[in-house]
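A quick write-up on the structure given underneath.
We did not get these values from a lab; they are worked out from the coordinates using the rules stated. Keep in mind the model is a prediction, meaning the values are calculated, not measured. With ideal geometry, Cβ positions are generated from the backbone for all residues, glycine too; neighbour counts draw on all protein chains shown.
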Amino acid sequence: MNARVEEGERGIEHAPLRGDDAGRSESARAVFLDRDGTLSEDVGYARDVTAYRLFPWAIPALRALRQAGYRVIVITNQSGVARGYFTEELVRQVHHRFENELRRYGAQWDAVYYCPHHPEGVVAAYRRVCSCRKPATGLVERAQREFALDLRQCVFVGDKYSDIQLAHRVGARGVLVLTGHGREEWARSQREGWPPPNHVAENLWEAVRWILHYGSEAERGATL
Ligand SMILES: [Mg+2]
Ligand SMILES: [Zn+2]
């Protein structure tokens, strides 16, 4: 298939697919990944692009998912834009930095979608209640349309309970990772008696191992 590049569309960046694995990427299955605290270290609202670092296991994790035929789609709240801490340009620079590092080691994502909004932001252009800030489902629904995904075969991996809530709202499975805010989020969700994630994993690599191990069973309708 052709590379899906839609530049200049606010909040959406598609990485072109390479020829060698484009065929595999026709899958209706995707793993949605949160960014900060899941794919990369949570560095708060850092303004310096070099402060942002992928976790070392991000590269093997993404390679394994793509090899297994999953699309990899990053969905991230970047309210730092609305809060005036940094610009959308910084967000894009961080994504290009990550994409370059992934490609250097033979890994890539299919797309990254971000929400720059916040209802109490200080930058008027971004201050709004939107349908794309997780746990709202707007960005997952957009990815679902653009990649013709079957959300029942998809998994959302994140370090916040809002990622799990989003997974369950769209009928996907949710895996909570204990990196980033994961430990406090897991403790809080247990205290509050919130519906549990489908799985809790030490980090993204362990989450991917679980997805690959149980994915085929889930396709056959097994309860997880
Ligand atoms: Mg996070
Ligand atoms: Zn938004």
Scope segment 152-163; condition crowded, with 19+ Cβ neighbours inside 10 Å and either among the basic types (Lys, Arg) or more than 13 Å from the chain's Cα centre (by Cα) (or both); matching residues: Lys160, Tyr161
How many of the residues in segment 170-187 are within 13 Å of ligand 1 (Cβ to nearest atom) and basic (Lys, Arg)? 1
Hey, Ala167 within 26 Å of Tyr214 (Cβ to Cβ), aliphatic (A, V, I, L, M) and away from ligand 1 (no atom under 16 Å from the Cβ) or not: no
For segment 49-59, state whether one or more residues are without any contact (Cβ under 8 Å) to a residue 12 or more places away in the chain and either among the aliphatic types (A, V, I, L, M) or within 16 Å of ligand 1 (Cβ to nearest atom) (or both). yes
Look through segment 108-120, keep the residues that are of a type outside the set (Ser, Thr, Tyr) and within 10 Å of ligand 2 (Cβ to nearest atom), and return whichever of them is farthest from the chain's Cα centre (by Cα). Pro119
Only unsatisfied item for Val200, checking (1) of a type in the set (A, V, I, L, M, F, W, C); (2) in contact with a strand residue (DSSP E or B) (Cβ under 7 Å, 6 or more places away or on another chain); (3) under 20 Å from Val74 (Cβ atoms), is (3)
If you check Arg97, Arg83, Arg92, which single one turns out to be of a type in the set (D, E, K, R), assigned to a loop (DSSP other than H, G, I, E, B) and surrounded by fewer than 22 Cβ atoms within 10 Å (Cβ to Cβ)? Arg83
From the options Leu178, Leu149, Leu204, Leu166, residue that is within 16 Å of ligand 2 (Cβ to nearest atom) and either surrounded by 15 or more Cβ atoms within 10 Å (Cβ to Cβ) or farther than 18 Å from Asp34 by Cα (or both): Leu166
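Just name the residue that is farthest from Ala30 (Cα to Cα) out of those in segment 130-161 that are without any contact (Cβ under 8 Å) to a residue 40 or more places away in the chain and part of a helix (DSSP H, G or I). Walk me through it before giving the result.
Going residue by residue through segment 130-161, those that are without any contact (Cβ under 8 Å) to a residue 40 or more places away in the chain are 130-131, 135-138, 141, 144-145, 151-152, 161.
After this cut, where a residue has to be part of a helix (DSSP H, G or I) as well, the list is 138, 141, 144-145, 151-152, 161.
Numbers: Gly138: 16, Glu141: 12, Gln144: 9, Arg145: 12, Leu151: 8, Arg152: 10, Tyr161: 19 Å.
Per the stated criteria, the residue is Tyr161.
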Selection count, segment 31-65, where residues are buried (at least 17 other Cβ atoms within 10 Å of the Cβ), farther than 17 Å from Val157 by Cβ and in contact with an Asp or Glu (Cβ under 7 Å, 6 or more places away or on another chain): 0
Arg63 passes all but one of (1) among the basic types (Lys, Arg); (2) assigned to a helix (DSSP H, G or I); (3) within 22 Å of Ser162 (Cα to Cα); which number fails? (3)
Can you name the condition, by its number, that Val112 falls short on among (1) touching a Leu at 6+ places or on another chain (Cβ under 8 Å); (2) touching a residue at least 60 places away in the same chain (Cβ under 8 Å); (3) surrounded by 21 or more Cβ atoms within 10 Å (Cβ to Cβ)? (1)
Selected residue [surrounded by fewer than 23 Cβ atoms within 10 Å (Cβ to Cβ), away from ligand 2 (no atom under 16 Å from the Cβ) and of a type in the set (Phe, Trp, Tyr)] from Tyr70, Tyr126, Tyr105: Tyr105
For segment 55-106, give me the residue count where each residue is polar (S, T, N, Q) and over 16 Å from the mean Cα position of the chain (by Cα). 4
